[in-house]
Amino acid sequence: MSVKYIPVQWNNNKWLYDGVMLVGVGLFLYVFLNASPSVLGYEPPINPQVHNARAFGACAFAMLTVILCIGPLARLDERFLPLLYNRRHFGVMTVFVAITHASYIIDWYFAFSMSDKYEALLFANTSYGQLAGFPFEIFGVFALVVLVILAATSHDFWMKFLTPPVWKRIHYLIYPAYLSVVAHISLGILQDQQAHAFTVIFIIGALLVGLLHLLAALSERKRDRALSAEGVDWVEVADVSSFRDGFAKIRLLPNGERVAVYLMDGRLSAISNACAHQNGPLGEGRIIDCLVTCPWHGFQYDVRNGRSPAPFTEMVPTYNLRLEGSSVQVDPKANPPGTPVDPLQIPVAYQMTKNGEVPA
Amino acid sequence: MSKPEKPFFVGYLPVQQALRRWLLVVCALFVVGLTGIGMVMGTAQDDPGPGAFRFDYGRQTVSGVVELTPYPLVRVTVGNDRIKPGTTLMLVGQGKSNVDARAVPLEGQLAKVSGIVLQRGELNMLQLRGGANGLAAEEGEAPPQDSIPLGRWKLAGEICDGKCLAGAMRPGRGLAHKACANLCLIGGVPPVFVSSQPVDGSEFFLVTGPDGTALPKSAYDAIGQFVSIEGEVERRGDMLVLSIDPDSVEVLD
């Protein structure tokens, strides 16, 4: 959360996150670049430029694969949520690694001719009508352009400027970009590789990304079925006795929106489940210091009015609640973001504390 | 509802004790995993083959007769310790460029050539120095050079650019290298066919179009692929020259 835009709001966890990421990437490149030539022992050796290009290209693929696994892993097991927290730094780092890969390739394979090397990249091979020998470089160009756009717009400034829905749609381009990387590798280096270790790692990595997304999607579908509620004017959320202080129950409304109903200090309030920052699931967070805290990046909201505490300005829609017997019901028509709503007092007999105990 | 019994991570707050061990394990797996993958991927690279710039020979200067196929060759008549008389050298310029402008006026004449050798097995190429330092006419009568027809052949193999194949780039052949090879050929670097079966003891052929023309552009789509090809083979010194029928190029599975 920020009031003014600064490049990075550093904190200990971000330093640690970036440190671990850099150590992993550094070691990958170190062993690829330095340890492997002595193991390979080719005489004469692979050109250093090609060796470097391969190291950075392989590293970018590995990083992108890890990045794309984090999202579904966090959906399947919330213990992975800390990996999501600073993922954008991981993405930006990947772009630098990918640019280094592209630079080595362009400055080696496409240099030394009478033509401009960037133009040569586009015209040297134009066999677009065939699979074997297809100009696979074009897939790399597309992926790199997308990655640069995503990195350049990764700052919260751009999210606010473009609005979260537009920003989110732009950042979904990561999936076509990854598919493009898969095509780039499949029609490029894999066509020539005689040793199959790289092929095996590549296939496992790409399948892992696909499989985790599939599992996460199935899990979401199952969860949505359990959360879906019916009703026209008022929609049932849950029995009042099932709420726990500091936590929420989420319901999928007939109009497709999700509402998070929180119990705080014996009173119920409902806000949109989608965080104004990156649509994080607010109902899967919890109340810290009297504020709903998003599990993705820690954005906070006053559950009674959907507003972030001053001086922050983020707002989410609120909902009206009512109690029918012991049934908590929500009006599916959302209030405009930041609209205060009086919390619904529930009888003491129904209240469950944070520890899961019912007060005497 | 999030599970109340599970620790909750907020990025700007200290990590809860219960999460620390888990995160340590994840971090260790991440670092060890990436290192291991880097090692495996790094050591899974193929041998680029024996071709290389022979900088260890130093600059080589020999004399011979310039021929055009249309790609320029020198049939060495006066050699040295490294390059014997009877050797045929393909000639190229710096980078992805040809030396046609210098070689064409000297066709059939005796000339002195100087440059760096690229060598892959029996395939020899000379990257010339600039201007007259690299290629200059020499006094004297050019001795006649044999050209021995070896008949019509159908061969299977790969069309490459001769310079990268000879060792300018390692690896310098294959589909991943296709765009680079095309760029070399566009620049007039001599194409070389690598046959899966040797003919008259050689697996390398300088490849041209029919009747002394350059490799047709239609063949560029087949660069780097395993193809079958038909044409006339002739021997010029220690080099075989294959004049292909453009319509005969066929991609093999």
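For every residue, the table says whether it meets (1) among the aliphatic types (A, V, I, L, M); (2) more than 7 Å from chain B (Cβ to nearest Cβ); (3) surrounded by 12 or more Cβ atoms within 10 Å (Cβ to Cβ); (4) more than 30 Å from A:ASP107 (Cβ to Cβ).
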| site | (1), (2), (3), (4) |
| --- | --- |
| A:GLN9 | no, yes, yes, yes |
| A:VAL20 | yes, no, yes, yes |
| A:PHE32 | no, no, yes, no |
| A:GLY41 | no, yes, no, no |
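Restricting segment A:209-232 to residues that are in contact with a strand residue (DSSP E or B) (Cβ under 9 Å, 6 or more places away or on another chain) and in contact (Cβ under 8 Å) with a residue 24 or more places away in the chain, the residue that is surrounded by the fewest Cβ atoms within 10 Å (Cβ to Cβ) is A:GLU230.
Among the candidates A:THR126, A:THR199, single out the residue that is in contact with a helix residue (DSSP H, G or I) (Cβ under 8 Å, 6 or more places away or on another chain) and without any contact (Cβ under 8 Å) to a residue 12 or more places away in the chain.
Values: A:THR126 fails: in contact with a helix residue (DSSP H, G or I) (Cβ under 8 Å, 6 or more places away or on another chain).
Going through A:THR126, A:THR199 in turn, just one is in contact with a helix residue (DSSP H, G or I) (Cβ under 8 Å, 6 or more places away or on another chain) and without any contact (Cβ under 8 Å) to a residue 12 or more places away in the chain: A:THR199.
With a requirement of 3 or more residues that are modelled with pLDDT of 95 or more, touching a Phe, Trp or Tyr at 6+ places or on another chain (Cβ under 8 Å) and not polar (S, T, N, Q), the strands (runs of 3 or more DSSP E) lying completely within segment A:259-360 that satisfy it span A:267-272. The set of residues from segment A:43-72 being assigned to a loop (DSSP other than H, G, I, E, B) and either free of Cβ contacts under 8 Å to residues at least 12 places away in the same chain or more than 10 Å from chain B (Cβ to nearest Cβ) (or both) comprises A:GLU43, A:PRO44, A:PRO45, A:ILE46.
Out of A:ILE170, A:ILE185, A:ILE174, A:ILE189, report the one residue that is within 16 Å of the chain's Cα centre (by Cα) and in contact (Cβ under 8 Å) with a residue 60 or more places away in the chain.
On the way: A:ILE170 fails: in contact (Cβ under 8 Å) with a residue 60 or more places away in the chain; A:ILE185 fails: within 16 Å of the chain's Cα centre (by Cα); A:ILE189 fails: within 16 Å of the chain's Cα centre (by Cα).
Just a single option satisfies the conditions, and that option is A:ILE174.
Each row is one residue, and each column tells you yes or no for (1) closer than 27 Å to B:ILE186 by Cα; (2) not hydrophobic (A, V, I, L, M, F, W, C).
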{"position": "A:GLY140", "(1), (2)": "yes, yes"}
{"position": "A:LEU144", "(1), (2)": "yes, no"}
{"position": "A:HIS155", "(1), (2)": "no, yes"}
{"position": "A:LEU162", "(1), (2)": "no, no"}
{"position": "A:TYR175", "(1), (2)": "no, yes"}
{"position": "A:GLY188", "(1), (2)": "yes, yes"}
{"position": "A:THR199", "(1), (2)": "no, yes"}
{"position": "A:GLY205", "(1), (2)": "no, yes"}
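Taken together, A:ILE170, A:ILE204 contain a single residue that is within 13 Å of chain B (Cβ to nearest Cβ) and assigned to a helix (DSSP H, G or I), which is A:ILE204. Restricting segment B:208-234 to residues that are closer than 23 Å to B:GLN119 by Cα and over 13 Å from the mean Cα position of the chain (by Cα), the residue that is farthest from the other protein chains (Cβ to nearest Cβ) is B:GLU234.
Which residue is nearest to A:GLU43 (Cα to Cα), if the candidates are limited to segment B:86-107 and must be over 21 Å from the mean Cα position of the chain (by Cα) and surrounded by fewer than 19 Cβ atoms within 10 Å (Cβ to Cβ)? My answer is B:GLY86. Considering only residues in segment B:108-122 that are modelled with pLDDT of 95 or more and part of a loop (DSSP other than H, G, I, E, B), the one that is surrounded by the fewest Cβ atoms within 10 Å (Cβ to Cβ) turns out to be B:GLY108.
Within segment A:128-157, can you find the residues that are among the small types (Gly, Ala, Ser) and either closer than 18 Å to A:ALA53 by Cα or surrounded by fewer than 17 Cβ atoms within 10 Å (Cβ to Cβ) (or both)? A:GLY129, A:ALA132, A:GLY140, A:ALA143, A:ALA152 - these are the residues of segment A:128-157 that are among the small types (Gly, Ala, Ser) and either closer than 18 Å to A:ALA53 by Cα or surrounded by fewer than 17 Cβ atoms within 10 Å (Cβ to Cβ) (or both). Taking the conditions exactly as written (in a helix (DSSP H, G or I), within 8 Å of chain B (Cβ to nearest Cβ) and over 30 Å from A:LEU22 (Cα atoms)), does A:ALA132 satisfy them or not? Taking the combined requirement at face value, the residue does not satisfy it.
The values are calculated or read from the model by the stated rules, or taken from the named source; none is laboratory data. Note that the coordinates shown come from a computational prediction; the quantities given were computed from them, not determined experimentally. Cβ sites come from the backbone with ideal geometry, for glycine too, and all protein chains shown count toward neighbours.
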